[in-house]
Each structure stands twice: as structure tokens, then as C-alpha cells.
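Rule-based calculations on the coordinates, nothing more; no lab input. Everything numeric in this text was worked out from a predicted model, so none of it was measured. Note that each Cβ is placed from the backbone with ideal geometry, even for glycine, and that neighbours are counted across all protein chains shown.
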Amino acid sequence: MHDKHWTGFMQREIDMDNELTTLLNSSVIAQLPVQQQQIKQLLADHATLGRRYRNAVQPFGDTFGFDAQQKIDVDVRGMDRPTSKGIDDLVSGLEASVNRQFTQESQQVKDDAKRRNLYVLLGSLLLSALLLNMLYRMLKSLINALGAEPEQAIAATSRIAQGDMTERLNATRPDSLIGSLEMMQMRLRNITLAIQASIAELRLRSHQMPATEQRQYIEQEIKRLQEAADRIKVDRDVHQSPSVH
């Protein structure tokens, strides 16, 4: 019986030392200096406790009776309380340290996530700004090429295509589309005015001719020419010459 209990005691002592040593190595890796000192102290206290147990048992030899067991119990009673308390304090400290480290790491993860989100937002804003700048430059280049807003350029082209020369384009860039349209409009106005002048002169000469079939034919041609010229509006305040019937 003595050998059985003593063998169990020594094995438990070895297991406890191994567990404390493993825990010490883990605390070194986890960078827990306070717990490292506590574990080292526990190892020392556990070794002292083992020696005190052996000193209490040694006087009774390999075999001892009931009286010897009572004497040993009295001698070792309460001897392991400081070591037990040290273990309890170590466990509490480890739990607090783990909780604290978990809280710090959780906060770090949150902070990292916020920074990443901020970087993504800033990147998106920067990309949007670059795209808007490119769009602005493209629109500015287009407007410079047109010489006006796109709607104005389309409206001006439509009016000229319909023969309306009454609107002034007021181009600011001669090398733009509006500048070219203004030049074309001016030339068409000059041509139209020249045709109107020629019609007026032909009408005047026809009135001086004798009333013959030739005069009637000429007046009909002048009428058709006048109708064609009237399709082009040169100016809002210009009154078209009356046609000869």
C-alpha cells in the first residue's frame, strides 16, 4: 500500500512539474512576463513542497501504521495551501491577461477594418475625382472644338439646314465648329442678298419691256426665282419683295 501511494505521489509530482514547465514555455511565447515570474515561483514552491513531504514521510521508513499516518497528516496539513493559492492566482491572472489581450486584438482588428474602409473610401473618392477631371477635360475640349454648348451647336446647325439665317452665332473661336458655321452663314447671307438684288433688277427691267409673251415668260421665271430665294430667311427685319403676278 505504501509503495502504491508513494509511486502515485511521485508521478503526480512529475506531471505537475511538466505541466508548469509547458505553461512557462507558452507564457514566454505569448510574451506574458508577469505570468512567467508566477510560474517560476510555483515551480520553486512545488519543489520545496515535494522536499517537505519527503522529510515528513522519511522517519517512518517504507512501512508505517495508522499512528504514523496520523502523524504525517498533522505534519503536512496546510503545507500545500500557498502553492494551491499560487496556482489559483496564476489561473486568474492568465484569464485576465487572455481577456485583456483578446480585447486589445479585437479593438486592433476593428481599427484595422476602419482604416481599410477609410483607405477604400479615399481611393474611391480619388478615383472619382480623377474620372470627373478627365470628363471635365473631355467636355472642355469638346466645347472648345464646337465653340459653344453642344445643344447650341445642334440648334444652330438645324436652323441653317432649314434656311434660317436670322440668328447671329457670335462665335468666339474662328477655328471651332460654330466659327465655321458662322463663316458659312455669312457667305450664304451674302449670296442670298446678291440674288435678291439681282431679282429686283430683273423685275425693274421687265417692267420696262413691252407687254409681250417674252415679258410674261421672264416675269414667271422671276417669280419662281423669288419663291426659291424666299425660302432662305436672311434677317428678321428684312421684308421680302412682292412677287409679280
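Couple of notes before you dig in:
- For region 92-161, size of Cβ-based charge dipole, Lys and Arg +1, Asp and Glu -1, in debye: 180
- 3J(HN,Hα) from dihedral phi, region 197-212, Karplus parametrisation 6.51/-1.76/1.60, rounded to Hz, x for glycine, proline: 5, 5, 4, 4, 5, 5, 5, 4, 5, 5, 5, 7, 8, x, 6, 10
- Computed label-point distance, nm, for sites Met186 and Thr172 using a 7 Å Cα→Cβ extension: 1.9
- Hull shadow area, averaged, region 137-197 [alpha-carbon convex hull, nm²]: 4.1
- Alpha-carbon Rg with Dmax, taken over region 150-230, Å: 17.7, 56
- Averaging the Cα positions of each part gives two centres, and for region 201-229 and region 12-60 these lie 132 Å apart.
- Taking 0.36 nm per residue of sequence separation and removing the Cα-Cα distance, the Arg116/Ser128 pair yields an extension gain of 2.5 nm.
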